Amino acid sequence: MDITEAKTNHKKIATYLSIFPGAGQFYNRQFIKGSVFLFLTIIFMSAFWDIIDIGLWGIVTLGEIPMEDHSIFLLVQGIIALLVIAIGITIYVINLVDAYRNGKRRDLGFEKNSIRQQYQNLIDTGFPYLMLSPGFFLLIFVVIFPILFVILLSFTNYSISNSPPAKLVDWVGFDNYIDIFKMDTWRHTFFNVFKWTIIWTFAATTLQIAVGIFLAVLVNQKELKFKKMIRTIFILPWAVPAFVSILVFAGMFNNTFGTINNDILAFLGIGPISWMTDPFWTKFALIMIQSWLGFPFIFVMVTGVLQSIPNELYEAAQVDGASMWQKFKNITFPIVMYATAPIMITQYTFNFNNFNVIFLFNGGDPAVVGQNGAGATDILISWIYKLTLEVGQYGKAAAITMMLSLVVITVAIWQFRRTKSFQEEDMM
């Protein structure tokens, strides 16, 4: 240990003094910095004290007098108060850490930085943080705030039957989560919808990936002519807005006047199929539609990867007598998956929450007797939509949203960590 450090203990004294913001900086003879921390503390307490006071009361009680207290507004104010407190704590911790570090520099015998040096350090090391701070604060209120709102809402009994301000919302703990698994109607509906969501995700996504890779490999063959024209044709479904394509498909699959029944199946001598009223055929149609909408993206992405694979690999395999299938299995497919695995995974997570195609095609129908607000083709996200806007079970919808998010995040992280493109070692 340095002799100077052994005789002095400026870092401990400065840290203790910084319990009162700015005092540690004053002790370290950084008067401007100390004044800034003191000024920020005074401004923070004077500007946000009422927000914190009312917000904490509101988030604890959710109101006490019907028609005067609005529980949801109080919940929102409470979340804002918590975020403000978190920002204040962050500034306070920065104050403590700064006092400790500069006190330690004094213990080690270093001279304190001049104002010019402090400014230069701020420019050199703090400039990226200064540039990121506006986006970070925007992130807090655009992303973190809604997440906290949904989390807290899932622990309330908020529904259309006790909607404020006429009635007050109460905290119910984990009752919403328990009811989903304990009450027969909720449990039956949840597991049916969850089962179809899993089937839909894996079937639709795997099919669109398989079709995209197959067509990309096929078009990439040297012997094939008119490659540019063929690639342009395969990309066309991607050029049309999905919203328009889904509505067109909804008309084509219509039981009464749809082209599929009246023209295509009639030409083949096949009787009409109940695309919109039979759960099996509706699900089949949805999987086919999503494959059509999704394969062009995979096709374009894989085409780019294929064109970057060195021809020497295929030439060496040809010399070794490898068949076309062996080339694909041992060269093409591993390289494609290595380069695109993270994006492929996002295709699964996207379809797990793919609200548009489910809702626009037939609104999650056909209806199923005994299911709590969910149709035969509703996935979790579309069921949440119905629970919120049609059934009015806001607390239950928030609870299901949290479970859905937990599943998606867990699976995505697990898959990302297993992909070779996220590991440090070389693939070859």
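The values are calculated or read from the model by the stated rules, or taken from the named source; none is laboratory data. Because the structure is predicted, anything quoted here is derived from the model rather than measured. Note: ideal-geometry Cβ built from the backbone for every residue, glycine included; neighbour counts use all protein chains shown.
Within region 171-195, the set of residues being over 21 Å from the mean Cα position of the chain (by Cα) and hydrophobic (A, V, I, L, M, F, W, C) comprises TRP171, VAL172, PHE174, ILE178, ILE180, PHE181, MET183, TRP186, PHE190, PHE191. Selection of region 302-313 for residues being buried (at least 16 other Cβ atoms within 10 Å of the Cβ) and either among the hydroxyl-bearing types (Ser, Thr, Tyr) or farther than 11 Å from ILE335 by Cα (or both) yields only THR303.
The numbered conditions (1) within 25 Å of ILE213 (Cβ to Cβ); (2) surrounded by fewer than 20 Cβ atoms within 10 Å (Cβ to Cβ) are all true for THR340 except (2).
Residues that are touching a residue at least 24 places away in the same chain (Cβ under 8 Å) and either among the hydroxyl-bearing types (Ser, Thr, Tyr) or more than 17 Å from GLN290 (Cβ to Cβ) (or both) within region 199-234 comprise THR201, THR205, ALA216, VAL217, VAL219, ASN220, ARG231, listed in sequence order. Among the candidates LEU293, LEU306, LEU313, the residue that is touching a helix residue (DSSP H, G or I) at 6+ places or on another chain (Cβ under 8 Å), hydrophobic (A, V, I, L, M, F, W, C) and free of Cβ contacts under 8 Å to residues at least 40 places away in the same chain is uniquely LEU313. The set of residues in region 208-245 that are over 24 Å from PHE350 (Cβ atoms), not in a loop (DSSP other than H, G, I, E, B) and not hydroxyl-bearing (Ser, Thr, Tyr) comprises LEU218, VAL219, LYS227, LYS228, MET229, ILE230, ILE233. Checking the stated criteria, ASP365 turns out not to satisfy the condition of being crowded, with 17+ Cβ neighbours inside 10 Å and acidic (Asp, Glu).
Determine if region 219-230 includes at least one residue that is under 30 Å from ILE59 (Cβ atoms), in the same structural domain as LEU293 (by TED's automatic domain parsing) and aliphatic (A, V, I, L, M). Let's see the steps before the verdict.
Step one: list which residues in region 219-230 are under 30 Å from ILE59 (Cβ atoms), which gives none.
Scanning region 219-230, I find no residue that is under 30 Å from ILE59 (Cβ atoms), in the same structural domain as LEU293 (by TED's automatic domain parsing) and aliphatic (A, V, I, L, M), so the answer is no.
If you go through region 335-359 and keep only what is over 22 Å from the mean Cα position of the chain (by Cα) and modelled with pLDDT of 90 or more, you end up with ILE335, VAL336.
Taking the numbered list (1) of a type outside the set (A, V, I, L, M); (2) out of contact with any Phe, Trp or Tyr (no Cβ under 9 Å at 6 or more places or on another chain); (3) at pLDDT below 90 in turn, PHE280 passes all entries but (3). Answer yes or no as to whether LEU168 is out of contact with any strand residue (DSSP E or B) (no Cβ under 8 Å at 6 or more places or on another chain) and closer than 18 Å to ILE72 by Cβ. Against the criterion (out of contact with any strand residue (DSSP E or B) (no Cβ under 8 Å at 6 or more places or on another chain) and closer than 18 Å to ILE72 by Cβ), LEU168 qualifies. The residues of region 172-207 that are aliphatic (A, V, I, L, M), modelled with pLDDT of 95 or more and not in a helix (DSSP H, G or I) amount to a single one, VAL172.
Restricting the first member to region 345-361 and to residues that are closer than 14 Å to TRP383 by Cα, and the second to residues that are assigned to a loop (DSSP other than H, G, I, E, B), the beta-carbon pairs closer than 7 Å and six or more apart or on different chains are ILE358/GLY364; ILE358/THR377; ILE358/ASP378; ILE358/ILE379.
For region 88-168, the helices (runs of 4 or more DSSP H) that sit wholly inside it and include 3 or more residues that are of a type in the set (Val, Ile, Thr) and closer than 22 Å to GLN393 by Cβ are 145-153. For region 239-252, taking the residues that are touching a residue at least 60 places away in the same chain (Cβ under 8 Å) and crowded, with 17+ Cβ neighbours inside 10 Å, the one that is farthest from TRP292 (Cα to Cα) is identified as ALA250. Residues in region 24-54 that are hydrophobic (A, V, I, L, M, F, W, C), over 21 Å from VAL84 (Cα atoms) and either buried (at least 19 other Cβ atoms within 10 Å of the Cβ) or not assigned by TED's automatic domain parsing to the domain that holds ARG106 (or both): PHE26 alone.
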